[in-house]
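Peer 1: First the structure, then my questions, so here it is.
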Amino acid sequence: MTWIKLASLALVVVLASAGISKNEDLECMFLGYPDLEYDGFDRTEVLTEKNFNRTVFAEDTKSVVFFNDVEEDDSELDQYECFLQLSAQIMTKRGYNFYTVNTTKEHRLRKQEEVEKGEDTIHVYKDGYKIEYNGVRDPETFVSWLMDIPDDPVTIINDEHDLEEFENMDDECVRIIGYFEPGSVALKEFEEAAEDFMGEIEFFAVVTSKWARKVGLKRVGEVQMRRPFEEDPLFAPTSADTEEEFEDWVEKNKEPVMQKLTLDNYFNLWRDPEEEERMILAFVDEETREGRAMKRLLDKIADENSEHAGTLEIILVDPDEFPLMVDVWEDMFGIDIEEGPQIGLIDISEKEGIWFDMSQVNLDDPKKHSDSNFEALQSWIDQILSGSISLDDDDDDEPEPPAPPPTPKGKKSRKEL
Ligand SMILES: *[C@@H]1O[C@H](CO)[C@@H](O)[C@H](O)[C@H]1NC(C)=O
Ligand SMILES: *[C@@H]1O[C@H](CO)[C@@H](O)[C@H](O)[C@H]1NC(C)=O
């Protein structure tokens, strides 16, 4: 009896000191794992402009901050709340603290942390680095991403295992690799630059001639960028050796022509592009013969159009990797994704697209038709780049200017009378 009392008292004390309380009204569930339950404790705290800096930038802290612009009574909030609480139940034990910031109220804080108005997003602050999470908001994907955050912004390739890691990322994300003297100033500057791109771009370095040779670097100071689906690397200017010069160069070139949509980069790709960018969505199931043929065609398109990086953005989606989204996308764009590959110029926020007529390419015998397939798709891409195929969303609410009535030959038009 006394023991039970003491034990429950101890529990209350522990909870009080950790600042967590029972979250009575919130019903959350880990879906799919019968032995895993939400324990009902509230592990998030609200941050404001007043306490943000001293909480998040304090030494030896690891923070997850959810910036949201949502009304209190929005049902979306319950979903976010569950996502955070379930993730927190796993990750507070591993040293992470969970916070929310109401950006409807905290304008200055929103600007300070570079969050757009109306945007809901998650930042992780760790060892002085800020890393944005762009993945889908389900606890499993998020927790697994959080556990995988590397300790260092630059991975030094020193053995076969590191090399394998570097090579396995081919086509997955933008990678930067440099060859430096160990302990050099330039390596330090390279590391500083890498901090700013954590979670978005992977940085590697080699510090011996042996490993430099294996990754194809020739001279000390050489820095290359490898973008997915492009054969030739880009070289940083030989003069670049300061943090700022590295950053400028990466910033200018980091947009690949083609990227694959994944659970981890979802919200980084699934958003409206820059004004001058054209966004093309390609649904390609690589488990089908047609899909593989289409993928090879797109690889060639991406490689041949690398000069249009920053203007042309092709997002590759394997519907098999997003089975829950297939119906949503089919409804959104009025297309049949399961039938075969589809490619279209799209507008994310307007949820509309102009779809390429797939009968213009022959994917049944792609070897025989490789040149004509390439020409057909490239000519469609060229029309998009030149603006003769466009979604013109800005003009949607303005009526089309009426076509001038044909002037009968030989008669004067009214104006001239
Ligand atoms: C928090 O830190 C930023 C710099 O990171 C600074 O601009 C801002 O004024 C600080 N805010 C407060 C309330 O101290
Ligand atoms: C955020 O603040 C606004 C303005 O004060 C308020 O209307 C809204 O309900 C708040 N959202 C949450 C989730 O508390």
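The values are calculated or read from the model by the stated rules, or taken from the named source; none is laboratory data. Remember, predicted model here, so these are calculated numbers, not experimental data. Cβ placement follows ideal geometry from the backbone for every residue including glycine, while neighbour counts extend to all protein chains displayed.
Peer 1: Condition test on E245, is it of a type in the set (D, E, K, R), in a helix (DSSP H, G or I) and under 16 Å from the mean Cα position of the chain (by Cα)?
Peer 2: Values: of a type in the set (D, E, K, R): yes; in a helix (DSSP H, G or I): yes; under 16 Å from the mean Cα position of the chain (by Cα): no.
The answer is no for E245.
Peer 1: Would you point out the residue of segment 51-70, among those that are in contact (Cβ under 8 Å) with a residue 12 or more places away in the chain and more than 16 Å from ligand 1 (Cβ to nearest atom), that is farthest from V115 (Cα to Cα)?
Peer 2: My answer is K62.
Peer 1: Considering segment 310-348 alone, what residues qualify as being in contact with a helix residue (DSSP H, G or I) (Cβ under 7 Å, 6 or more places away or on another chain) and part of a helix (DSSP H, G or I)?
Peer 2: Across segment 310-348, the qualifying residues are P319, V326.
Peer 1: For E247, all conditions in the list (1) modelled with pLDDT of 95 or more; (2) buried (at least 16 other Cβ atoms within 10 Å of the Cβ); (3) of a type in the set (D, E, K, R); (4) farther than 27 Å from K126 by Cα hold save one; what is the number of the exception?
Peer 2: Only one criterion is unmet by E247, namely (4).
Peer 1: Here's something else I'd like to know. Conditions first: (1) assigned to a loop (DSSP other than H, G, I, E, B); (2) within 16 Å of ligand 1 (Cβ to nearest atom). Y125 passes all but one, so which condition is the exception?
Peer 2: (1)
Peer 1: Taking the condition of being more than 20 Å from R110 (Cβ to Cβ) and near ligand 2 (Cβ under 8 Å from one of its atoms), how many residues in segment 69-85 meet it?
Peer 2: Result for segment 69-85: 1.
Peer 1: While we're on this one: How many residues does segment 327-346 hold that are surrounded by 16 or more Cβ atoms within 10 Å (Cβ to Cβ) and in contact with an Asp or Glu (Cβ under 8 Å, 6 or more places away or on another chain)?
Peer 2: 6
Peer 1: Here are some conditions: (1) within 14 Å of ligand 1 (Cβ to nearest atom); (2) under 21 Å from D60 (Cα atoms). T100 meets all but one. Which one does it not meet?
Peer 2: Of (1) within 14 Å of ligand 1 (Cβ to nearest atom); (2) under 21 Å from D60 (Cα atoms), only one is false for T100: (1).
Peer 1: So, one more: Looking at (1) small (G, A, S); (2) at pLDDT 95 or above; (3) more than 30 Å from E321 (Cβ to Cβ), which is the one condition that is false for G128?
Peer 2: Among (1) small (G, A, S); (2) at pLDDT 95 or above; (3) more than 30 Å from E321 (Cβ to Cβ), the lone unmet condition for G128 is (2).
Peer 1: Also, I was wondering about something else. When you check L146 against the structure, is it in contact (Cβ under 8 Å) with a residue 60 or more places away in the chain and either within 16 Å of ligand 1 (Cβ to nearest atom) or farther than 17 Å from L263 by Cβ (or both), yes or no?
Peer 2: Against the criterion (in contact (Cβ under 8 Å) with a residue 60 or more places away in the chain and either within 16 Å of ligand 1 (Cβ to nearest atom) or farther than 17 Å from L263 by Cβ (or both)), L146 does not qualify.
Peer 1: With (1) within 18 Å of N268 (Cβ to Cβ); (2) away from ligand 2 (no atom under 16 Å from the Cβ); (3) part of a loop (DSSP other than H, G, I, E, B) as the list, and R137 as the residue in question, which single condition is left unmet?
Peer 2: Unmet condition: (2).
Peer 1: Sticking with this structure for a sec: When you look at V124, is it assigned by TED's automatic domain parsing to the domain that holds L77, under 19 Å from L47 (Cβ atoms) and away from ligand 2 (no atom under 16 Å from the Cβ), yes or no? Before you say what the answer is, go through the steps one by one.
Peer 2: Details: assigned by TED's automatic domain parsing to the domain that holds L77: yes; under 19 Å from L47 (Cβ atoms): yes; away from ligand 2 (no atom under 16 Å from the Cβ): yes.
Yes, satisfied.
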